1. How large is ³J(HN,Hα), in whole Hz, for each residue of the range 22-28 in order, when computed from phi with the Karplus curve 6.51 cos²θ - 1.76 cosθ + 1.60 and θ = phi - 60°, using x for Gly and Pro?
2. Label-point separation (nm) for residue 60 and residue 43, each offset 7 Å from Cα along Cα-to-Cβ?
3. Give me the net charge of residue 58's neighbourhood, meaning all other residues with Cβ under 12 Å from the Cβ of residue 58; Lys, Arg count +1, Asp, Glu -1.
4. Taking mean projected area of the Cα convex hull in nm² as the quantity of interest, determine which of (1) 11.7; (2) 6.1; (3) 9.1 was computed from the displayed structure.
5. Multiply the residue separation of residue 15 and residue 68 by 0.36 nm, subtract the distance between their alpha-carbon atoms, and state the gained length in nm to one decimal.
6. Pick out which of 76, 47, 68 has the largest mean-square fluctuation in a Gaussian network model of the chain, springs linking Cα atoms closer than 10 Å.
7. What FRET efficiency would be calculated for the residue pair residue 87, residue 34, taking the C-beta separation as r and a Förster radius of 25 Å, to the nearest 0.05?
8. In whole Hz, with x marking every Gly and Pro, tabulate ³J(HN,Hα) for the range 61-69 from phi via Karplus 6.51 cos²θ - 1.76 cosθ + 1.60, θ = phi - 60°.
Amino acid sequence: MGQAVKVLKLFKSLHRTRQQVFKDDTRALEAARVKINEEFKSNKSETSPQKIEELMKIGCDVELLLRTCVVQGIHTDHNTLKLVPRKDLLIENVPYCDAPTQKQ
């Protein structure tokens, strides 16, 4: 696959992730869109294959970070936030136990 195709694929992937992560938050959606577009435009004339690979690695890391670590919060009161985790962030975990048992 050509390098231009990989770059375009990353660009689209970042925008899809942005839409999932910041769903229903127009301000965050717009800010993320602007930042993604700015970063790609600022490096549009890059010709060095090593530099392009490095930038692509950074883009992939950002996409993974957004997908796995960002949780939306909604202000409910002036001192309260309601967290809205996406289903793909929720992982299986050991259920909470009020009376833990000691290991033998």
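1. Working through the residues one at a time gives 9, 3, 6, 10, 4, 5, 5 Hz.
2. Rounded to a tenth, the inter-label distance reads 1.2 nm.
3. Net charge in that neighbourhood comes out at -3.
4. (1)
5. Fully extending the segment from residue 15 to residue 68 adds 17.6 nm.
6. Maximum among the listed residues: 76.
7. Efficiency computed from Cβ-Cβ geometry: 0.35.
8. Computed from phi, the couplings for the range 61-69 are 5, 5, 4, 5, 4, 4, 5, 9, 10 Hz.
The values are calculated or read from the model by the stated rules, or taken from the named source; none is laboratory data. From a predicted model like this one, the values you see are computed outputs, not experimental measurements. Methodologically, a virtual Cβ is constructed for each residue, glycine included, from the backbone with ideal geometry; neighbour enumeration extends over all protein chains shown. Calculation scope for accessible area: heavy atoms of the full protein, side chains included, ligands and nucleic acids excluded. Shrake-Rupley method; radii C 1.70, N 1.55, O 1.52, S 1.80 Å.
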